[in-house]
Amino acid sequence: MLKKEQNELLTQTGPGTPMGELFRRYWLPALLASELPEPDCPPVRLHLLSEKMIAFRDSSGCLGAIDEFCAHRGVSLWFGRNEENGIRCPYHGWKYDVSGQCTEVPSEPVESGYCDRIKLKSYPLVERGGVIWVYMGPKDQQPPLPEWEFATVPTSQSFMSKRLQECNWLQAMEGGIDSSHVSFLHSGALDRDPLFKGAKGNQYNLNDLKPVFDVQSTEGGLYVGARRNAEEGRYYWRITPWIMPCFTMVPPRGDHPIHGHFWVPIDDHNNWAWSFDYHPTRDLSREERQAMEDGQGIHVKYVPGTFRPLQNKDNDYLMDRDAQKARISYSGIEGIAMQDASLQESMGPIQDRTRENLVGTDNGIIMARQRLMKAAKALMEKGELPPGRMPEAQRVRSVAIVLPRGEPFTEAAKDALRAEPGKKHASV
Ligand code: FES
Ligand SMILES: [Fe+2]
């Protein structure tokens, strides 16, 4: 349970808030590279951390995110003309480059230098691994480029998607840390989904509904270990790395690709749930890629032309009571991602954590909240930069492994938890 002030601290990410400042010290996934495919393509609205921007790729291929609204009289530059290395407001023709600098005010004499004095807020964007990343913090505190394994393997080995989730980022992310719900909510999917089925580990998951959690702090966040009974004298461990502030990786199943998420706040009531899949040592097969594109595994189908899931709160996520009764799916909702999102959105835009009752399987969540609050305060009060910004902390993998009882997973799975190019992933 949290105090009201603690819940507010963790869930508010607008400019100037402690968590907002924390988020502004990391490279965050902003757009799919395919949203800005070529020079002078249409600009895209980018709403993150309660700020409204537009992102565009100029005639030379350079990327930038600038304030959405024209400095003249506030028109949205989403309507702008992306031409000749800048975006031109269609109202009176003012023009801005990717750094937000105004380069032309057609109504004023060039000699007046008027446009030199006009500059919109801007943030750097970089493309890496099929994702366009944004850094929204102070220039002198910009960390090295992101080194998550999914973003560094060849794109033939990875697949990325994002979906709108209509609730605060924290309750979405907490679902990614709490792997105890898998044996319930996702039980039907483990048998059927092409990106999950057939793994030996699934049986351990379904046979032991009382996982014991062992959560260990790491430099960049946590390893959340969930232990279930396996054969005599052995445990099946599912280990989820959480790296600050909002990255989690789901433990793998058999030779299926590994996957994970980022939950990036749009504003305090909405977030982007990013889902990535990759295989560390081989290309994704045509069937796997097709299944991902079709919205299986952790991906979804969309309302055409948007990133809003086709199953959403306006249609009760197409809940099927018969499927619920027949246990075809535990909640009656189809698909792993929407099973999660439906329940997380049902908590309301911001879960009231003053009224919750936590149990042992929530230890990962409790520790993540503590780490976040501590880091946000240290940044605000002492200017201390938060953990998880450096490549070393980002080179992690999730693990599904069977170990002899009595062996601590932090030792026995130490090597498996490190991402290294070409190394096979540890997965049962
Ligand atoms: S409002 Fe943009 S040029 Fe006038
Ligand atoms: Fe889930």
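Out of all the residues in the range 58-79, which are outside any loop (DSSP other than H, G, I, E, B) and under 21 Å from Val105 (Cα atoms)?
Step one: filter the range 58-79 for residues outside any loop (DSSP other than H, G, I, E, B), giving 63-67, 69, 76-79.
Those that are outside any loop (DSSP other than H, G, I, E, B) and under 21 Å from Val105 (Cα atoms): Gly64, Ala65, Ile66, Asp67, Phe69, Ser76, Leu77, Trp78, Phe79.
Of all residues in the range 172-192, which are more than 12 Å from ligand 2 (Cβ to nearest atom) and either within 25 Å of Ser34 (Cβ to Cβ) or buried (at least 18 other Cβ atoms within 10 Å of the Cβ) (or both)?
Correct list: Gly188 only.
Tell me which of these Trp237 doesn't satisfy, since it passes every other one: (1) at pLDDT 95 or above; (2) within 25 Å of Gln311 (Cβ to Cβ); (3) open to solvent by 10 Å² or more (accessible area, probe 1.4 Å).
Only one criterion is unmet by Trp237, namely (2).
For the range 61-112, give me each residue that is charged (D, E, K, R), away from ligand 1 (no atom under 12 Å from the Cβ) and under 18 Å from Ile132 (Cβ atoms). Let's see the steps before the verdict.
Of all residues in the range 61-112, those charged (D, E, K, R) come to 67-68, 73, 81, 83-84, 88, 95, 97, 104, 108, 111.
Retained after the next criterion (residues that are away from ligand 1 (no atom under 12 Å from the Cβ)): 83-84, 97, 111.
Asp97 - this is the single residue of the range 61-112 that is charged (D, E, K, R), away from ligand 1 (no atom under 12 Å from the Cβ) and under 18 Å from Ile132 (Cβ atoms).
Would you be able to tell me the number of residues in the range 284-323 that are under 22 Å from Asp255 (Cβ atoms) and exposed (fewer than 15 other Cβ atoms within 10 Å of the Cβ)?
Residues in the range 284-323 being under 22 Å from Asp255 (Cβ atoms) and exposed (fewer than 15 other Cβ atoms within 10 Å of the Cβ): 6 in total.
Only residues that are at pLDDT 95 or above, polar (S, T, N, Q) and either open to solvent by 20 Å² or more (accessible area, probe 1.4 Å) or not in a helix (DSSP H, G or I) (or both): list them for the range 332-381, please.
Selection gives Ser346, Gln351, Thr354, Asn357, Gln370.
Filter the range 385-422 down to the residues that are in a loop (DSSP other than H, G, I, E, B) and over 24 Å from the mean Cα position of the chain (by Cα) and list them by number. Spell out how you get there, then give the answer.
Narrowing the range 385-422 to residues in a loop (DSSP other than H, G, I, E, B): 385-390, 395, 397-398, 405-408, 413-417, 419-422.
Selection gives Arg405, Gly406, Glu407, Pro408, Ala413, Lys414, Asp415, Gly422.
So Thr155 ticks every box in (1) more than 16 Å from ligand 2 (Cβ to nearest atom); (2) within 20 Å of Pro252 (Cα to Cα); (3) open to solvent by less than 30 Å² (accessible area, probe 1.4 Å) but one. Which box is left unticked?
That leaves (3) as the condition not met.
Keeping to the range 179-194, report how many residues are under 17 Å from the mean Cα position of the chain (by Cα) and at pLDDT 90 or above. Write out each step before concluding.
Within the range 179-194, the first condition is being under 17 Å from the mean Cα position of the chain (by Cα), and the residues that meet it are 179.
If we keep only those that are at pLDDT 90 or above as well, we get none.
Going through the range 179-194 one residue at a time, the tally reaches 0.
Mind listing whichever residues of the range 344-389 are among the polar types (S, T, N, Q), in contact with a helix residue (DSSP H, G or I) (Cβ under 6 Å, 6 or more places away or on another chain) and closer than 29 Å to Trp148 by Cα?
The first filter runs over the range 344-389 and keeps only residues among the polar types (S, T, N, Q), leaving 344, 346, 351, 354, 357, 361, 363, 370.
Right, trim to in contact with a helix residue (DSSP H, G or I) (Cβ under 6 Å, 6 or more places away or on another chain) and you get 344, 351, 354, 361.
Hits for the range 344-389 are Gln344, Thr361.
If you scan the range 15-63, which residues turn out to be closer than 26 Å to Trp148 by Cβ and in contact with a Ser or Thr (Cβ under 6 Å, 6 or more places away or on another chain)?
The answer is Met19, Gly20, Phe23, Leu49.
Going through the range 43-65 one residue at a time, which ones are open to solvent by 10 Å² or more (accessible area, probe 1.4 Å), free of Cβ contacts under 8 Å to residues at least 60 places away in the same chain and hydrophobic (A, V, I, L, M, F, W, C)?
The answer is Val44, Cys62.
Does at least one position in the range 288-300 carry a residue that is out of contact with any Ser or Thr (no Cβ under 6 Å at 6 or more places or on another chain) and part of a strand (DSSP E or B)? It would help to see each step written out before you state the result.
Within the range 288-300, the subset out of contact with any Ser or Thr (no Cβ under 6 Å at 6 or more places or on another chain) is 288-297, 300.
Filter again for part of a strand (DSSP E or B), leaving none.
Scanning the range 288-300 turns up no residue that is out of contact with any Ser or Thr (no Cβ under 6 Å at 6 or more places or on another chain) and part of a strand (DSSP E or B).
The values are calculated or read from the model by the stated rules, or taken from the named source; none is laboratory data. Every value quoted in this text rests on a predicted model; they were computed, and no experiment measured them. In this analysis, Cβ positions are derived from the backbone assuming ideal geometry, glycine residues included, and neighbour counts consider all displayed protein chains. Ligands, DNA and RNA are stripped out before the accessible areas are found, and what is left, the full protein with its side chains, is counted by its heavy atoms. Shrake-Rupley method; radii C 1.70, N 1.55, O 1.52, S 1.80 Å.
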